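> Below: one structure in structure tokens.
The values are calculated or read from the model by the stated rules, or taken from the named source; none is laboratory data. Only a predicted model underlies this, so the values are computations on that prediction, with no experimental measurement involved. Cβ placement follows ideal geometry from the backbone for every residue including glycine, while neighbour counts extend to all protein chains displayed.
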Amino acid sequence: MLSMSGDEGDEDMEKTLSPVRSDGGWHEGRRRRAWPLVAAVLTFTLLAAACSDGAPAPEKTITLRVMMTDDWVTPPFLEAVRDFEREHPGVRVEPGKTPISHMLDTVTAAIKSGTPPDIVQAHAFSAAAQDLAQEVDDLWAEGGPLEVADFLPGAIDDVTWAGHLYGVPLDTNALFLLYDADQFAAADVTPPGQPFTFATFEEAARALSAADGKKRALAIPQSTWWTYGWIKANGGEVLRVGDDGKAQLTLDDPAVVGALNYLRTLVQQNLAFAPGAADSHSGDALALFRSGSSSTLASGSWDIAVLKKDSPGDRYRSTLMPAGAAGTRGSVMGGSSMFIPKGSKNRELAFEFMAHLVSDKYALRLAKEEGRLPVRPRVYDDPYFSTPDLQAVIDQLPTASPFKLSAFPEAHDVFAKAIDEVLRGGSDAGPVMAEAQKQAQTLIANK
């Protein structure tokens, strides 16, 4: 079964990460009220007892505390834990789980109390931006089991901040385009192929949409992660971070404005459904697609399994995101990574466990049993990934980038309000994003 491997915005976080099921690159977005540290500690304790299979744990010299998101402490993960313990007789791995929306708050509290876990699953770049993660450049460079060149570029970007590595990639995903082949045939529209562009998508949308607006080519959720996927497809970027760690927002970049106005035009011409509300999410867009009200769905691999239950044949097909006005090819990356919090005393051992967890053996099992897409391209050589259903997302991964604006929750909120004003309010993206740029850059500068 294919499930989300982690990013959408915080608006879908609680729903999609327990278990993770929609809007790909889960990111922290706006962090919510701090999760009580005592609850996290209790979860660690309960899970450690469960991992012992009912038998007293042998006396160990080192306890490695690993904090994962709710849906990650599963049989494949626990097998990796047991294998690591067998290979390291003096080590006990103590897994715990915490809701992603509380993860960095929990880690912050643990660091302040002097009891940080040794490994945390989240987005390493976001933890680094908030001064929670240790640099691991030296551990990558020691010639161990990990080589930067073996990983997808976007996966490495997920653990990179200010030119330094802060963790290990864990799993991935990307926004790509699903389409209803039956609707394309009924409208006598050539199915989307490559090269597929914003212009050809708009042309197809006119043939696929009904004049009364009840049936449209696309449904748009209110999601910063989703919107960033279209911005990347148009060659845009919303944040750049220099090697000095200074962040420069580019919310008013012409390619950003162009992508937003393109989506706005689709809505105004009844070719796309606008977000239904400020708190609408990817589930609304999926519902419109499943009902036949929309002909295409920009989504990730987590929705393939849902659609195949509706129609086991080849009605629902997939392709890359359309290329933008300048012929660019890009998307937003989902998934997650792991980092070592500041204050952890087991740095080298923690890095060794992270490398163990992302080894090909477990990556393949996690893909087959849970739909978690691997971060190393070589794993995709396995016949399991040869199905047409998966090919589009696999082809999209090399061009996908993580949504790093989530490292700045307040600036992220400004961006979210701006895209709502454009996509739901119908305002021209030019002046809206110019104002958003001023507001958000001021917030970042004051950090």
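> Could you please let me know if Leu260 is in the same structural domain as Ser299 (by TED's automatic domain parsing), in contact (Cβ under 8 Å) with a residue 60 or more places away in the chain, among the hydrophobic types (A, V, I, L, M, F, W, C) and closer than 25 Å to Gln439 by Cα?
yes
> Something else now. Restricting attention to segment 121-165, and to residues there that are among the aromatic types (Phe, Trp, Tyr), out of contact with any Ser or Thr (no Cβ under 8 Å at 6 or more places or on another chain) and touching a residue at least 40 places away in the same chain (Cβ under 8 Å), which single residue is surrounded by the fewest Cβ atoms within 10 Å (Cβ to Cβ)?
Applying the filter and picking the extreme gives Phe151.
> Report the residue count in segment 80-121 for those that are within 23 Å of Ser359 (Cβ to Cβ) and either of a type outside the set (A, V, I, L, M) or touching an Asp or Glu at 6+ places or on another chain (Cβ under 7 Å) (or both).
Looking only at that region, the number is 19.
> Please list, ordered by first then second residue, the pairs with beta carbon atoms under 7 Å, 6 or more apart or interchain, first in segment 86-111 and in the same structural domain as Leu357 (by TED's automatic domain parsing), second of a type in the set (Asp, Glu) and at pLDDT 95 or above.
Matching pairs, first to second residue: Val91/Glu85; Arg92/Glu85; Val93/Glu85.
> Same structure again: Return the only residue of Asp171, Asp105, Asp158 being more than 27 Å from Thr61 (Cα to Cα) and modelled with pLDDT under 95. Before you say what the answer is, go through the steps one by one.
On the way: Asp171 fails: modelled with pLDDT under 95; Asp158 fails: modelled with pLDDT under 95.
After applying the criteria, what remains is Asp105.
> Another question, then. Take Ser293 and decide whether it is among the polar types (S, T, N, Q) and under 22 Å from the mean Cα position of the chain (by Cα).
no
> Among Ala187, Ala174, Ala205, Ala155, which is the only one that is of a type in the set (Gly, Ala, Ser) and closer than 16 Å to Tyr262 by Cβ?
Being of a type in the set (Gly, Ala, Ser) and closer than 16 Å to Tyr262 by Cβ holds for just one of Ala187, Ala174, Ala205, Ala155, which is Ala205.
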